[in-house]
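The values are calculated or read from the model by the stated rules, or taken from the named source; none is laboratory data. No experiment lies behind these values; they were computed from the predicted model shown. Counting neighbours? That spans all protein chains shown, and the Cβs are built from the backbone with ideal geometry, glycine included. Each accessible area value is taken on the protein alone, full model and side chains, heavy atoms only, with ligands, DNA and RNA left out. Shrake-Rupley method; radii C 1.70, N 1.55, O 1.52, S 1.80 Å.
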Amino acid sequence: MATVLSGAPAIESADRRTFLRRMLSNRRTSVAGAFLLLIAIVTLFARLIAPYDYRDIVGKPLTSASVLGIDDFGRDVLSRLLVGLQVSLGVALSAVLVAAVIGVALGLVAGYVGRWASTIIMRGIDVLLSFPPIVLAIAVVAIMGPALVNVVLVIGVLYIPRFTRIVYTQVLAIRNLEYVEASKIMGARPAGILVGTILPNVAAPIIVQLSLSVSFAIQMEAGLSFLGLGAQPPLPSLGTMVGSGRDFLEVQPTLLLYPSVLIILVVLALNVFGDGIRDLLDPRRRGTN
């Protein structure tokens, strides 16, 4: 049986409408969500919005011949900032998607099957968590070579434990509840129970973790690109723009300022939005909104 039973505490359409109204009534969450929506639209159409190609030399280096100025190679900063945002968010979202798919699957199996599966999976997660993320990421990317695909894979693997542990604890709490037992009695297969009955009822913390993980992934990508292990020239990312802008801090500080501020704003909005969604989905926190 691949559908959620009526006795399960899944979110119905009326609950979704109520949730949406409550989210819009929360000023911090709605403002952060509106900003993220704007960022998503700009990111999606970045290359169409950009006034120039990010590789084109359009003026004399380090001048203010365009809206946000010209970099040290004479390229338009606004165009490179838009494409850099697209690259950074693309890497972060791809990495978090990899982490979520694998991490959720591992958490479901470990929590529902238990015994040997739980021991093997969760001990492997503990081993992965024992390494400092940024140090492990630098080491692995340095060995594999600086490329966006490698950055996506490394960040994705590093964030698998976040999803695995959250889903694992949630599954342990509900796997013996009545609606799960009812699915078994009605002849549902384990895969159907996991996907159709358990997964929808552990979706709330997964949604919150998605938002928070994207913010951490953006910072991780920026750090790796800052060190020259991410996007390679001439392709920009926010991290590479910060790295190249530091050399001109006294001459043209905006080369460092623009990508740094954009990283801060996007990460802040993601954290505020994630916290707001968590508060809205957690019955114990609803009275504080």
**Asked** Could you count how many residues in the range 164-182 are charged (D, E, K, R), open to solvent by less than 70 Å² (accessible area, probe 1.4 Å) and part of a helix (DSSP H, G or I)?
**Response** 1
**Message:** Cβ-Cβ distance below 6 Å, separation of 6 or more or different chains: which pairs start in the range 133-146 with a residue that is of a type in the set (Gly, Ala, Ser) and end on one that is open to solvent by less than 60 Å² (accessible area, probe 1.4 Å)?
**Reply:** Ala137/Val154
**Tabulated pairs, the range 39-58, first without any contact (Cβ under 8 Å) to a residue 24 or more places away in the chain and β-branched (Val, Ile, Thr), second in a loop (DSSP other than H, G, I, E, B) and open to solvent by 100 Å² or more (accessible area, probe 1.4 Å), C-beta under 8 angstrom, 6+ apart or interchain** = Ile57/Phe73; Val58/Tyr52
**Item:** Number of positions in the range 184-204 that are over 30 Å from Ile134 (Cα atoms), out of contact with any Leu (no Cβ under 6 Å at 6 or more places or on another chain) and either acidic (Asp, Glu) or part of a helix (DSSP H, G or I) (or both)
**Value:** 13
**Asked** Does Pro161 count as under 22 Å from the mean Cα position of the chain (by Cα) and surrounded by fewer than 17 Cβ atoms within 10 Å (Cβ to Cβ)?
**Response** no
**Asked** When only residues in the range 223-264 that are among the small types (Gly, Ala, Ser) and in a helix (DSSP H, G or I) count, which is most open to solvent (accessible area, probe 1.4 Å)?
**Response** Ser244
**Request:** Report whether or not Val267 is among the β-branched types (Val, Ile, Thr) and either crowded, with 18+ Cβ neighbours inside 10 Å or part of a helix (DSSP H, G or I) (or both).
**Result:** yes
**Message:** Please count how many residues of the range 89-121 are closer than 30 Å to Pro236 by Cα and β-branched (Val, Ile, Thr).
**Reply:** 5
**Request:** Determine which single condition Val152 fails, assuming it passes every other condition in (1) modelled with pLDDT under 90; (2) touching a helix residue (DSSP H, G or I) at 6+ places or on another chain (Cβ under 7 Å); (3) closer than 30 Å to Ala231 by Cβ; (4) not polar (S, T, N, Q).
**Result:** (1)
**Ile218 being assigned to a helix (DSSP H, G or I) and open to solvent by 20 Å² or more (accessible area, probe 1.4 Å)** = no
**Fill in**
Within the range 91-120, the count of residues that are of a type outside the set (Ser, Thr, Tyr) and open to solvent by less than 30 Å² (accessible area, probe 1.4 Å) comes to 14
**Complete set of residues in the range 139-158 that are among the aliphatic types (A, V, I, L, M) and open to solvent by 20 Å² or more (accessible area, probe 1.4 Å)** = Ala139, Val140, Ala142, Ile143, Met144, Ala147, Leu148, Val149, Val152, Leu153, Val157, Leu158
**Asked** Just a yes or no: is a residue in the range 60-72 part of a helix (DSSP H, G or I), in contact with a Phe, Trp or Tyr (Cβ under 9 Å, 6 or more places away or on another chain) and surrounded by 12 or more Cβ atoms within 10 Å (Cβ to Cβ)?
**Response** no
**Message:** Which condition from (1) of a type outside the set (Phe, Trp, Tyr); (2) open to solvent by 20 Å² or more (accessible area, probe 1.4 Å); (3) modelled with pLDDT of 90 or more; (4) touching a Phe, Trp or Tyr at 6+ places or on another chain (Cβ under 9 Å) is the one that Pro190 breaks?
**Reply:** (3)
**Request:** Could you grab me the full set of residues in the range 233-257 that are among the polar types (S, T, N, Q) and touching a Ser or Thr at 6+ places or on another chain (Cβ under 8 Å)?
**Result:** Ser237, Thr240
**Complete:** Scanning the range 20-50 residue by residue, those open to solvent by less than 100 Å² (accessible area, probe 1.4 Å) and either under 14 Å from Val272 (Cα atoms) or in contact with a strand residue (DSSP E or B) (Cβ under 6 Å, 6 or more places away or on another chain) (or both) turn out to be Met23, Asn26, Thr29, Ser30, Val31, Ala32, Gly33, Ala34, Phe35, Leu36
